[in-house]
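Presented below is the structure to which this report refers.
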Amino acid sequence: MPNVYDILKERGYIEQATHEEEIRELLEQEKVTFYIGFDPTANSLHVGHFVQIMVMMHMQKAGHRPIALFGGGTGMIGDPSGRTDLRKMLTKEQIENNVHSFKKQFSNFINFDQDKAIMVNNADWLANLNYIEFIRDIGKFFSVNRMLTAECFKNRLEKGLSFLEFNYMLMQSYDYLELYKRYHCKLQMGGNDQWSNIISGVDLVRRVEKANVYGLTFKLLTTSEGKKMGKTESGAIWLDSEKTSPYDFYQYWRNIEDPDVENCLALLTFLPMEEVKRLGALQDQQINQAKEILAYEVTTLVHGQKEAEKAQKAAQALFGDITEDSTAIPTTILEKAKFATGIDILTLLTETGLISSNGEGRRLIQQGGIYLNDEKVEDFFLMITLDSFVDDKLMLRKGKKVYHQVKIKEN
């Protein structure tokens, strides 16, 4: 069986390693307990997290033991990495609810039976720390001069870095120390924006425990132009089906740019690399076949095969490929009485969530970006009546890719 390090490297995950050859040898010779941290800043994981989850799945398939560390403690402070401003402070109750949601989602991807993986919350050891003891015992290992050279802090110095955030690196490093003591964890992994925090944790464990521990970062999910993926006009692409429907999730991957297909297939699916490269090399109209496979594979991993098939059929129905029922398309059901005298297009777009303001709606109509039953809307004051419906439903489209059904019900 190939070394999992080689698998991760071939698929393009690995960005930086503290001791590359030693890590590869370690993963070859023993079952390694490793961890990745997730701060609960929202009540769902998003597609940026999914790259990290894929790494955990690859590692577990190879026989290693993942620790999913939830930042119930560090989440009270907020990671300054990649930020130009202070993160919004969450209440303890919000963080606890978010951790609960994360735990449910992780169970869909990682096998936690019989100690094959572990879920822990760093609030268990951070929440009740004695601050004076912590600064005496842990703070002495950190150089302020060195910390200020870290990317996660350099980006904030011009606008102001709070002392609250300055503690984050110490606390994340302390997590590694605790996990080493509790579970003999030897490897911390994370996105490349965590490099400064990870090497600080490695250094702390090595100095305190005199142990050989390691750090590894992997690619952030970005486009070929270096922009972060997983965002749309309406916000993040979430793994929770209540926040991003399986259909919208499928459509996001179906509509990515051509140069990004191969990278996403490598990072977000388990397809063999020979197939990834074949699909990534397709040109012109044929690349759409690769996008459909990508969308189906990722949606299956996140939402299951049944939802992936529904989303695929709905997408095909919209483009006239088949005549299947398009029930997976996002739908708003409104009372019939609303349309008896008519409802204006801007109000309808607002009620369906396609726009956030009348100003946005007018701009989209002016730019030719709103369609009603495949006809371009050109009038800000267009009234939608019962005559607009076909078989008690109508189809709205925003731009080229965002579809939304409206159905009516009897009062």
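The values are calculated or read from the model by the stated rules, or taken from the named source; none is laboratory data. Quantities reported herein were computed from a predicted structural model and do not represent experimental measurements. Methodologically, a virtual Cβ is constructed for each residue, glycine included, from the backbone with ideal geometry; neighbour enumeration extends over all protein chains shown.
For the list (1) modelled with pLDDT under 85; (2) more than 21 Å from the chain's Cα centre (by Cα); (3) of a type in the set (Ser, Thr, Tyr), I need the number of the one condition that Thr91 fails.
Failing condition for Thr91: (1).
Would you check which residues across segment 121-132 are surrounded by 10 or more Cβ atoms within 10 Å (Cβ to Cβ) and without any contact (Cβ under 8 Å) to a residue 60 or more places away in the chain and list them?
Asn121, Ala123, Asp124, Trp125, Leu126, Ala127, Leu129
If you go through segment 206-263 one residue at a time, how many are among the charged types (D, E, K, R) and touching a strand residue (DSSP E or B) at 6+ places or on another chain (Cβ under 6 Å)?
So the count comes out to 2.
Considering segment 309-343 alone, what residues qualify as being at pLDDT 85 or above and not assigned by TED's automatic domain parsing to the domain that holds Tyr250?
Scanning segment 309-343 gives a single hit, Ile343.
Please go through segment 370-392 and pick out each residue that is more than 18 Å from Glu360 (Cβ to Cβ) and without any contact (Cβ under 8 Å) to a residue 40 or more places away in the chain.
The answer is Asn373, Asp374, Glu375, Asp387, Val390, Asp391, Asp392.
Of the residues in segment 219-253, how many are part of a loop (DSSP other than H, G, I, E, B) and loosely packed, with under 14 Cβ neighbours inside 10 Å?
6
Restrict the check to segment 56-64 and report whether at least one residue is of a type in the set (Gly, Ala, Ser) and within 16 Å of the chain's Cα centre (by Cα).
So far as segment 56-64 goes, no, none of its residues is of a type in the set (Gly, Ala, Ser) and within 16 Å of the chain's Cα centre (by Cα).
Cβ contacts < 7 Å: first residue closer than 24 Å to Gly280 by Cα, restricted to segment 2-26; second residue modelled with pLDDT of 95 or more and of a type in the set (D, E, K, R), any location; separation 6+ or different chain. Result?
Close Cβ pairs satisfying both conditions: Tyr5/Arg24.
I need the full set of residues from segment 302-322 which are free of Cβ contacts under 8 Å to residues at least 60 places away in the same chain and within 22 Å of the chain's Cα centre (by Cα), in order please.
Gly304, Gln305, Lys306, Glu309
Considering only residues that are among the acidic types (Asp, Glu), surrounded by 10 or more Cβ atoms within 10 Å (Cβ to Cβ) and modelled with pLDDT under 85, which ones fall in segment 133-170?
Within segment 133-170, Glu151, Glu165 meet the criteria.
Looking at (1) of a type outside the set (Gly, Ala, Ser); (2) modelled with pLDDT of 95 or more; (3) touching a Pro at 6+ places or on another chain (Cβ under 7 Å), which is the only condition Lys210 fails?
(3)
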